[in-house]
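Please read the structure below before turning to the comments.
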Amino acid sequence: MPEVSDAVRRDLKTVVGAAGIFTDPADLEAHLVDERRAFRGVAPVLLKPASTDEVVAIVQICADAGVGIVPQGGRTGLCGGTVPVTGGGEVLVSLERLRRIRELDAQGFTMTCEAGCILQTLQHEAESADRLFPLSLAAEGSCTIGGNLSTNAGGINVLRYGMARSLTLGLEVVLPDGTLWDDLGALRKDNRGYDLKQLFIGAEGTLGIITAATMELFPRPRDVDTAFLAVADPEAALQLFAVAREVAADMMVAFELNDRNALDMVFQHMDGVRDPFPTRYSWYVLLELTAGVDGHARAAGEQILAAAFQRGLVLDGVRADSLAHRAGLWRLRETVTEAQKHEGRSLKHDISVPVVAVPQFIDEATAAVRRGWPGYRVLAFGHVGDGNIHFNVFGPPGNDGEQLFAESEAIEDAVFAIADRMQGSFSAEHGIGQLKRRALRQYAPAGSLEMMKALKRTLDPQGIMNPGKVV
Ligand code: FAD
Ligand code: 2HG
Ligand code: ZN
């Protein structure tokens, strides 16, 4: 990538004005590292365009000069996708000023919003129109819808509502040559050839910049039942999942798993949390049901728990009796990522396997780590109802992470090979970024990488969109 010349900087400044361009290292600092502080890069310029037109003009200037572009949303991504890699040949483009909700159509159950809208803001806007925007993840107070779409984020409600992709009705994208592609629209059905918007969802900014999206809204639930349950092991959790699914069907929105190590880290590092049980258990499930009719979710919850206790699948349990109680139970699951940060450095493996294979995966992967790296600690938690396990590895207590990082490829290989043997994925919801390119080369289905590269060459022949990421 060529250096960003003074002439290019001048042209960019003309587009965004003084309020939209930053070159002071202090302003750039937070934009040059990732959430986990695993990657750091350099870039001479940070741009904060205020409109789609400005994004178009920026991309045109960069395309003419062959300068790289790194799109940034809330910078909560876990694979280093927002950190530049070329040593100075890229400009950072933060979408944070594109924060307008262009339309909320309560009757049509859609919302058209700009890429920089914070996910939580969108949830609240939907709620104030008596609608539900169901995408939900622990980073929702900082991540943006543009980032959510670019990573095809999953989170805690995928079971019922699908990933970001399935909530998307239309997109507005600035292509790598600076063309604006406007496919915003509220159509549920549209078979006019290839569904091109899917290319940009999960592309992590390598095929264009998403500037706006039309998202689907849902009726707001009238009844919620949340239970935190202790189970003997992942096999019991899986059996409980089957019972819950049979009884609750589509009322089940979340079925999350925590192991005791994850919970211990939460108790050690987070405030405002307490163990709901007097006894220590090894595994926990957070089950949430919602219904459109008052009382339905709670009735189903009671039925599930009665059946589960009768079959010995649940060892102990509490059900939320207030909104505050519910929030407290969710905190036990949702603060696991933050608690891990306080604990120290770790290796994150974002695995999915067929749901029925989850217990076997956890058993085999845990055994492989214990065998190969005695004393290393394992955390297994996540969206077990979707077959998505976050299988994270820490060094022994007090380990500063250097040794762990030196072992990362060998540990990854051990864990990913087990998932691969189970027809699983080494990246369920976090993407590839720069962290998992090696794994993509190794574990993508035959022919996939070639097809991805062909698409990249076609849409971005100069390779200026988020260089060094994904392919
Ligand atoms: P960023 O991190 O800013 O960007 C992510 C990628 O998308 C980068 O490659 C970037 O270049 C690109 N990008 C950003 N905006 C655009 C745009 N407008 N156009 C084109 N490319 C763009 N993820 C899950 O899937 N499920 C979870 O449950 C989950 N929980 C999390 C919990 C915590 C505490 C944290 C810190 C992270 C979690 N994540 C989770 C990961 C992360 O929050 C998601 O990947 C999120 O979707 C990223 O959004 P963002 O706005 O922060 O994107
Ligand atoms: C979650 O489900 C996130 O909480 C983050 O996807 C997982 O910390 C992790 O590894
Ligand atoms: Zn997750």
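The values are calculated or read from the model by the stated rules, or taken from the named source; none is laboratory data. Computed from a predicted model, the values in this text were never measured in an experiment. All Cβ positions, even for glycine, are placed from backbone atoms using ideal geometry, and neighbour counts span all protein chains on display. Surface accessibility is based on the protein's heavy atoms, side chains included, excluding ligands, DNA and RNA. Shrake-Rupley method; radii C 1.70, N 1.55, O 1.52, S 1.80 Å.
Looking only at residues of the stretch 316-333 that are assigned to a helix (DSSP H, G or I) and open to solvent by 50 Å² or more (accessible area, probe 1.4 Å), we find that the one that is nearest to ligand 3 (Cβ to nearest atom) is Arg331. For the stretch 345-361, the tally of residues that are more than 21 Å from the chain's Cα centre (by Cα) and within 16 Å of ligand 2 (Cβ to nearest atom) stands at 1. Ile304 meets all of the listed conditions (1) assigned to a helix (DSSP H, G or I); (2) open to solvent by 10 Å² or more (accessible area, probe 1.4 Å); (3) away from ligand 2 (no atom under 16 Å from the Cβ) but one, namely (2). Is it true that Leu187 is away from ligand 1 (no atom under 15 Å from the Cβ), open to solvent by 40 Å² or more (accessible area, probe 1.4 Å) and aliphatic (A, V, I, L, M)? The answer is yes for Leu187.
So if I check each of Leu132, Leu95, which one is of a type outside the set (Gly, Ala, Ser), away from ligand 3 (no atom under 16 Å from the Cβ) and more than 18 Å from Glu35 (Cα to Cα)? On inspection, the qualifying residue turns out to be Leu132. Considering Ala368, Ala339, the condition of being more than 23 Å from Leu159 (Cα to Cα), open to solvent by less than 10 Å² (accessible area, probe 1.4 Å) and out of contact with any strand residue (DSSP E or B) (no Cβ under 8 Å at 6 or more places or on another chain) is satisfied by Ala339 alone. The condition of being touching a helix residue (DSSP H, G or I) at 6+ places or on another chain (Cβ under 6 Å), surrounded by 17 or more Cβ atoms within 10 Å (Cβ to Cβ) and under 20 Å from Tyr284 (Cβ atoms) holds for only one of Ile362, Ile418, that being Ile362.
The set of residues in the stretch 379-404 being away from ligand 3 (no atom under 16 Å from the Cβ), touching a residue at least 40 places away in the same chain (Cβ under 8 Å) and open to solvent by 10 Å² or more (accessible area, probe 1.4 Å) consists of Asn399, Asp400. Within the stretch 145-174, if we keep just the residues that are among the hydroxyl-bearing types (Ser, Thr, Tyr) and away from ligand 2 (no atom under 16 Å from the Cβ), the residue that is nearest to Gly208 (Cα to Cα) turns out to be Thr168. Look at the stretch 428-457: where a residue is open to solvent by 30 Å² or more (accessible area, probe 1.4 Å) and a partner is in a loop (DSSP other than H, G, I, E, B) and charged (D, E, K, R), sitting 6+ places away or on another chain with Cβ atoms under 6 Å, you get Gln434/Lys469. Taking residues in the stretch 136-148 that are over 19 Å from Glu172 (Cα atoms), and partners anywhere that are hydroxyl-bearing (Ser, Thr, Tyr) and open to solvent by less than 20 Å² (accessible area, probe 1.4 Å), the pairs with Cβ atoms closer than 8 Å and at least 6 places apart or on different chains are Ala138/Thr335. Checked against the criterion of being away from ligand 2 (no atom under 16 Å from the Cβ), in a helix (DSSP H, G or I) and loosely packed, with under 15 Cβ neighbours inside 10 Å, the stretch 198-209 contains one or more residues that satisfy it.
Yes or no: Ala26 modelled with pLDDT of 95 or more, surrounded by fewer than 19 Cβ atoms within 10 Å (Cβ to Cβ) and outside any loop (DSSP other than H, G, I, E, B)? Judged against the criteria, Ala26 is a match. Return yes when Leu32 is over 23 Å from Ala138 (Cα atoms) and away from ligand 1 (no atom under 11 Å from the Cβ) and no when it is not. Considered against the rule, which asks whether it is over 23 Å from Ala138 (Cα atoms) and away from ligand 1 (no atom under 11 Å from the Cβ), Leu32 comes out as no. Does Leu92 qualify as being within 16 Å of ligand 2 (Cβ to nearest atom), open to solvent by less than 50 Å² (accessible area, probe 1.4 Å) and either in contact with a His (Cβ under 9 Å, 6 or more places away or on another chain) or farther than 26 Å from Arg437 by Cβ (or both)? Criteria not met by Leu92. Does Asn148 meet the test of being open to solvent by less than 10 Å² (accessible area, probe 1.4 Å), under 30 Å from Val67 (Cα atoms) and not aliphatic (A, V, I, L, M)? Answer is yes for this residue.
When the helices (runs of 4 or more DSSP H) confined to the stretch 336-444 are screened for residues that are within 28 Å of Gly162 (Cβ to Cβ), those reaching at least 3 such residues are found at 336-343, 358-372, 408-421, 437-443. Are any residues in the stretch 58-77 near ligand 1 (Cβ under 9 Å from one of its atoms), outside any strand (DSSP E or B) and either among the polar types (S, T, N, Q) or open to solvent by less than 30 Å² (accessible area, probe 1.4 Å) (or both), and if so, which ones? Matches in the stretch 58-77: Gly73, Gly74, Thr76. Scanning the stretch 29-45 for residues that are buried (at least 21 other Cβ atoms within 10 Å of the Cβ) and more than 24 Å from the chain's Cα centre (by Cα) yields a single hit, Ala43. When Ala164 is tested against (1) within 19 Å of His31 (Cβ to Cβ); (2) surrounded by 22 or more Cβ atoms within 10 Å (Cβ to Cβ), only condition (1) is not met.
Taking (1) touching a Gly at 6+ places or on another chain (Cβ under 6 Å); (2) of a type outside the set (S, T, N, Q); (3) within 16 Å of ligand 2 (Cβ to nearest atom) in turn, Ala139 satisfies each apart from (1). May I ask you to verify whether Arg370 is within 16 Å of ligand 1 (Cβ to nearest atom), at negative phi and charged (D, E, K, R)? In short, no.
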